[in-house]
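K.L.:
Attaching a single structure in structure tokens format; questions to follow.
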Amino acid sequence: MNEKLDFVRLPLALIAIFFIGNLILGATGASYDVAKRLFSMVILQTHIALLWAPLGRRYRGYSIGGAIASVVLVIFVSKILIWGATIFSYLTGVHTYFDDPVAITGSAQEFRSEGRCSRVPVDWSQIVSSA
């Protein structure tokens, strides 16, 4: 496992740079579209998934399972960062690109005025009463 962690050091550094870039652009007030053109973490994840596994097979001699495991490790860390920033944004009320309406719903309509839980198709009263 240590060998895989050494191998994925560059992709993890790129994920960290893109994450920090998103935070900086969000703090400076750049538009969501501009930020995603510069620092799209999903596109970076796709490129890493398509390119890093073959590199592991070619230069490190990984099996298919080992190559996939190295990519899954990188994508897992990236998803933890994205989910963590989203949860932090919602809990603190701080506006970041991770809770931007365009990122979540795909449109620019503001949904915060309706309440955050109103879009979830779950009857919360049944969940609470059954607990």
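K.L.:
If you filter the stretch 16-100 for trypsin sites (Lys or Arg not before Pro), then keep DSSP loop positions with at most 14 other Cβ within 10 Å, what is left?
P.N.:
Those that pass, being in a loop and sparsely packed, are ARG60.
K.L.:
If you stretched the chain out fully between THR28 and ALA13, how much longer would it get, using 0.36 nm times the residue separation minus the C-alpha to C-alpha distance?
P.N.:
3.2 nm
K.L.:
Per-residue HN-Hα couplings for the stretch 2-17, Karplus 6.51 cos²θ - 1.76 cosθ + 1.60 at θ = phi - 60°, whole Hz, x for Gly and Pro?
P.N.:
4, 5, 5, 5, 5, 5, 9, 4, 5, x, 5, 5, 5, 4, 5, 5
Where a number appears in this text, it was derived from the coordinates with a stated rule and is not lab data. Nothing here was measured: the structure is a model prediction, and the numbers come from that model. Reconstructed Cβ throughout: ideal geometry from the backbone, glycine too, with neighbour counts over all protein chains shown.
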